[in-house]
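Remarks on the structure that follows.
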Amino acid sequence: MLEDYRIRGRRASEIAASVEEGVGSGALAPGALLPPMRELAGELGVNPNTVAAAYRTLRERGVIETDGRRGSRVRARPASAPRDALRTAVPAGVRDITAGNPDASLLPPLDRALAAAARRSAQAPTLYGEDPVAPELAQLARADLDADGVPEGPIALTSGALDGIERVLAAHLKPGDAVAVEDPGWGNVLDLMPALGLRILPVAVDDDGPRPEAVARALAAGARALLVTARAQNPTGAVVSAERAARLRALLAEHPGVLVVDDDHGHGIVDEPLHPLGGVTRHWALIRSVAKAYGPDLRLAVLTGDPVTLDRVRGRQRLGPGWVSRLLQYAVVELWTSGAVDRTAVARSYGERRDGLVAALAERGVRAHGRSGLNVWVPVADETGAVTRLLAAGWAVSAGARFRVESPPGVRLSVSLLTPADVPRLADAVAEAVRPGTPGVRYD
């Protein structure tokens, strides 16, 4: 219960603002139990419905969470405290493998593509009222999706994968709805859920993607949506296999009202085949970003899905940003048609670093995961201790807490900046760092 901090206010908005002020100042610590609604109403001299409205607002903003008779508490990680705040400070002289950025040497130069886009714009400036998606880009994107077996659907564009995920969820869900999310999973998604007022139902993953029994539990618990990373899962590197996709599609067929979102952010840097889940339920979407293969500053992702979902997304987008810049679209068309990126070579380069590190760790008795993408996940018994010991050994790695809800501890190693000479040295440091724990602890 609260100790020194006193909640104030007569209106619901004032009460909610008072609680947020306490959370923001640190006077209300994560996990702090708030007074029961009737008790607080009595203290403030207001109707209990006023306090109920304030608590509802706080839940929708991701500040508090309510667990039935156990009452309402400040969230362990309020929406105002993103998981990026858990990054390790990197001292001078320490190798930083925390960021998860692509290797800049594998990204194409953008000058030629942007110059071509500028010339096109000069010849025919983009004005209000035009189609938000350049026809050439839509045609190229659809052909790529068809080749990967993605169901037919309209094309929209968003400003990156996370923007697309947010817009799709907002098109169908309301605050308080539950979403099945991978655990461990992308920290930004885990932050996004409470910011939208949505409840997370964590779903365990293994090397083949979300575990069917975990998905079944989430669906039985009332999940309104399921988010799945098709390939290059962050942080574990999991890939949804053909067998796993078939089992998940069979589960989803029994829940036709569930929204299914496939995140294919690894397109262009992986050589594993895509096995999408979309098309089984009434509403679905697949999001494909260009950031990892062509550059994070190209804020563009291709979105497809069922007509209702795409219509809602595009309609709401018209009332906000309107469209993704045609200059960026033309630049991406130039990059795609000119063959600026050899996808096979890029995937092979990342694969050699990732597979080499996993193999080197295995030789030292350390079990690690990383079938695709830029990251390797190492389960550890003592997460804080492992991070601290690696930092002392000259390596800054990501604490698993940035990516977890209920899953056991681990650390994430980003391989994009590693050289072949780095791999054995890093593997030695990791083996030494986890030695006080239990090698091979499972994350699932």
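Where does each of Arg231, Arg389, Arg435, Arg167 land when they are ranked from fewest to most other beta-carbon atoms within 10 angstrom?
Ordered by Cβ neighbours within 10 Å, fewest first: Arg435, Arg389, Arg167, Arg231.
Starting from the Cα of Ala246, move 7 Å in the Cα-to-Cβ direction to define the label point; list residues of the range 190-219 whose amide nitrogen is under 20 Å from there.
Once the point is set 7 Å along Cα→Cβ of Ala246, 206-216 turn out to lie under 20 Å by backbone N, inside the range 190-219.
Arranged from highest to lowest average of other beta-carbon atoms within 10 Å per residue, in what order do the peptides 213-219, 287-293, 313-319 appear?
Ranking the peptides 213-219, 287-293, 313-319 by packing returns 287-293, 213-219, 313-319.
Give me Rg/Rg_expected for the range 111-338, where Rg uses Cα atoms only and Rg_expected = 2.2 N^0.38 Å with N residues.
Relative to the 2.2 N^0.38 Å estimate, the range 111-338 comes out at 1.00.
Roughly what % antiparallel, to the nearest 5, for the DSSP beta bridges in the range 111-338?
40
Dipole magnitude of the chain about its Cα centre, charges +1 at Lys/Arg Cβ and -1 at Asp/Glu Cβ only, in debye to the nearest 20?
Dipole size: approximately 920 debye.
Would you grab the residues whose amide H sits under 5 Å from the one on Arg199? Only those 5+ places off in sequence or on another chain, please, with H modelled 1.01 Å from N.
For Arg199, whose amide H was placed from the backbone, the distant partners under 5 Å are Gly176, Asp177, Ala178, Val179.
Please give the length that would be gained between Arg282 and Asn47 if that part of the chain were fully extended, namely 0.36 nm times their separation in residues minus their C-alpha to C-alpha distance (nm, one decimal).
Computed gain between Arg282 and Asn47 is 80.4 nm.
On the Cα set of the range 12-74, report Rg and Dmax in Å, please.
Rg then Dmax for the range 12-74, in Å: 10.6, 28.
Would you give the gap between the C-alpha center of the range 363-404 and the C-alpha center of the range 22-78, rounded to a whole Å?
Computed from Cα coordinates, the inter-centre distance equals 36 Å.
What number, in percent, do you get for the relative contact order of the chain if the mean sequence gap of Cα pairs under 8 Å and at least 6 apart is divided by its residue count?
For the chain, the relative contact order is 18 percent.
For the range 356-406, which GluC sites (Glu not before Pro) pass both filters: DSSP loop (anything but H, G, I, E, B) and at most 11 other C-beta atoms within 10 Å?
Passing both the DSSP loop test and the Cβ count: Glu406.
For the pair Arg435/Leu33, report the inter-label distance in nm, with labels modelled 7 Å from Cα in the Cβ direction.
According to this spin-label approximation, the distance is 4.5 nm.
Give the span of the range 227-307's Cα atoms along each principal axis, as three whole-Å numbers ordered largest to smallest.
39, 28, 18
Net charge around Asp103, counting only other residues with Cβ within less than 13 Å of its Cβ (Lys, Arg = +1; Asp, Glu = -1)? Mind dumping the intermediate values first?
Values: positive: Lys292, Arg348, Arg353, Arg354; negative: Glu352, Asp422.
That sum, taken over residues with Cβ under 13 Å, equals +2.
In whole Hz, with x marking every Gly and Pro, tabulate ³J(HN,Hα) for the range 5-17 from phi via Karplus 6.51 cos²θ - 1.76 cosθ + 1.60, θ = phi - 60°.
In residue order, the calculated couplings are 8, 10, 6, 10, x, 10, 9, 4, 5, 5, 5, 4, 5 Hz.
From zero outward in steps of 5 Å, how is the percent of C-alpha pairs of the range 296-444 spread across the bins?
All Cα pairs considered, the percentages come to 2, 8, 14, 16, 12, 9, 10, 10, 9, 7, 2, 0.
If you look at just the Cα atoms of the range 170-292, how large are its Rg and its Dmax in Å?
Cα-based Rg and Dmax for the range 170-292 come out at 13.2, 38 Å.
With each pseudo-label sitting 7 Å past Cα toward Cβ, what's the Ala89-Ala216 distance in nm, one decimal?
Calculated label separation equals 4.9 nm.
Provide the per-residue ³J(HN,Hα) series for the range 168-180, in order, calculated from phi with Karplus coefficients 6.51, -1.76, 1.60 and θ = phi - 60°, each as a whole number of Hz, with x at glycine and proline positions.
5, 4, 5, 6, 10, 9, 10, x, x, 5, 9, 10, 7
List every residue whose amide H lies under 5 Å from the amide H of Leu34, counting only residues 5 or more places away in sequence or on a different chain, with H placed 1.01 Å from N in the peptide plane.
Counting only residues 5 or more places away or on other chains, the set is Ser72, Arg73, Val74.
Along the Cα→Cβ direction, 7 angstrom out, place labels at Arg348 and Ala124. What is the inter-label distance in nm?
Computed distance between label sites Arg348 and Ala124 equals 3.8 nm.
Evaluate 2.2 N^0.38 Å with N set to the residue count of the chain, then give the Cα radius of gyration divided by it. All intermediate terms of the calculation are to be shown ahead of the outcome.
Details: Rg = 23.2 Å, N = 444, 2.2 N^0.38 = 22.3 Å.
Normalised by 2.2 N^0.38 Å, the Cα Rg of the chain equals 1.04.
About its Cα centre, what dipole magnitude does the range 111-338 give when the only charges are +1 on Lys and Arg Cβ and -1 on Asp and Glu Cβ, stated in debye to the nearest 20? Write out the running numbers ahead of the final one.
Working: 23 positive and 29 negative charges, 146 e Å.
The dipole magnitude comes to about 700 debye.
Determine, from the Cβ-Cβ distance of Ala17 and Ala421 and an R0 of 45 Å, the FRET efficiency 1/(1 + (r/R0)^6), rounded to the nearest 0.05.
Using R0 = 45 Å, I get an efficiency of 0.25.
Bear in mind that the values in this text are calculations on the coordinates, not laboratory data. Here the structure is a predicted model, which is why all the values come from computation and not from measurement. Cβ atoms come from the backbone with ideal geometry, glycine included; neighbour counts cover every protein chain shown.
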